[in-house]
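Only one structure is covered here, and it is reproduced in the block below.
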2 protein chains.
Amino acid sequence: MRLYDTHMAPNPRRVRIFMDHKGIGGVEVVQVDINRGEHRLPAHKDRFGVAHVPALELDDGRVLTESRAICSYLEALHPEPNLMGHDAFERAEIEMWDRRAELMQLMPTAMWVRHAHLGLATLENVQVPQIAAQGEQGTRAAAAWFARRLDASSFVAGKRFTIADITLFCALDFARVVKFRAADEHPSIARWRDRLKSMAGFGG
Amino acid sequence: MRLYDTHMAPNPRRVRIFMDHKGIGGVEVVQVDINRGEHRLPAHKDRFGVAHVPALELDDGRVLTESRAICSYLEALHPEPNLMGHDAFERAEIEMWDRRAELMQLMPTAMWVRHAHLGLATLENVQVPQIAAQGEQGTRAAAAWFARRLDASSFVAGKRFTIADITLFCALDFARVVKFRAADEHPSIARWRDRLKSMAGFGG
């Protein structure tokens, strides 16, 4: 298997942490430099159909994009430690929390970063300040919402560590590039982050 | 089971079509009037933790939100007709296509509608023309991309009908409220839509 990765981007990081936590080895990692537009070159777009990272290529040539879909495949191949649920309800509940982390937290943060950070100007045709402002507002509101969740719950999806923690961690860590430090504002997020930092995949 | 639904909104519609197509009966449907802010009332928010529709309440009181998570649960309870994949790779591939339909098509359309349509002014604190413009651009680009896909493939995820078709259908149909008719611009989308219209769940 070959993982097409971009080191600084939050979505590939979700897959890397997921793999590290499961101890999945033997995967060749290829860096795609999105600042140089490598994801938009035919070598990448023709292979995957989209200018996206992460992307996974199997040994038989089949491909997957979309971080969560890649994780679903890896979870089926490597079921333990379980990160996506055992039975029907738990799987759906973890999917719900993973989607909340992605749609409520990572999405507005991505809008904020892409439309406000000078380093990402090359990735957007136009950076729109109003979109950055909306992204900032959404980022702060979601962080406050997840802080309340993590006051009541040890992990995002409940009592144990799951893929939803990985997604929220990557989202909040990404917000640091626009100087938003959720853990400084919300003690419950700081405690949760410290719990994660001791786990496989979150080192460094 | 009880489904909290909003008739005009695209995400609850994804779940309704999914249920209709599987012939799942015996579910009580409760209408939530989001224009009157019913999703923000404590009766809804305290039950589900979020001001979202759709939401599913099981007979034992457990709850799920997020349209795709609800579908995952229903797929496990009612595996046939299969809409989310049989084996590990197919499940991941369909999830990839479902996410593409959602993130590439439904998301920008939702931005466009929410920030441009007068009828939705009450749902947003502020409607931002620049976000509507970005949403329109993304909607048109994604429709052209899916039109190329549907030139090469009978259905979104490949040779058979899946949840990804439901998501794309709901996204494109929602764009009609801002007068974007993808099927008028892209013959392959018109042909695909006609194929769906003959199937269970798409009537009327």
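The table below lists the values:
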quantity: Spatial separation of Cα centroids for the range A:108-175 and the range B:1-45, in angstrom; calculated: 27 Å
quantity: About the Cα centre, charge dipole magnitude for the protein assembly as shown (Lys/Arg +1, Asp/Glu -1 at Cβ), debye; calculated: 780 debye
quantity: Rounded if a/c under 1.5, otherwise prolate or oblate - the protein assembly as shown, Cα gyration tensor axes; calculated: rounded
quantity: Over the range B:73-186, relative contact order from alpha-carbon pairs under 8 Å, at least 6 apart, %; calculated: 31 percent
quantity: Qualifying trypsin sites (Lys or Arg not before Pro) in the range B:1-91, DSSP loop, other Cβ atoms within 10 Å at most 16; calculated: B:Arg62
quantity: Radius, Kirkwood style, for the range A:1-131 when every pair of distinct Cα atoms is counted (Å); calculated: 16.1 Å
quantity: Cα-Cα pairs of the range B:88-197 separated by more than 20 Å (percent); calculated: 39 percent
quantity: Candidates per GluC sites (Glu not before Pro) in the range B:82-171, loop by DSSP, up to 16 other Cβ within 10 Å; calculated: B:Glu124
quantity: B:Ala43 paired with A:Arg195, simple spin-label distance in nm, labels 7 Å along Cα-to-beta-carbon; calculated: 3.5 nm
quantity: Chain B: calculated mean residue ellipticity at 222 nm from DSSP helix runs of at least 4, using -39500 (n - 2.57); calculated: -16000 deg cm²/dmol
quantity: Computed E for B:Arg181/A:Asp33 - FRET, C-beta separation, R0 25 angstrom, nearest 0.05; calculated: 0.05
quantity: Amide H within-cut-off set for B:Val30, under 5 Å, with H built and near neighbours excluded; calculated: B:Leu3, B:Tyr4, B:Asp5
quantity: Computed label-point distance, nm, for sites B:Glu124 and A:Ala88 using a 7 Å Cα→Cβ extension; calculated: 3.9 nm
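Just so you know, all these numbers are worked out from the coordinates, no wet-lab data involved. Not measured: the values here are computed from a predicted model. Positions of Cβ are generated from backbone atoms using ideal geometry, with glycine treated the same way; all protein chains shown enter the neighbour counts.
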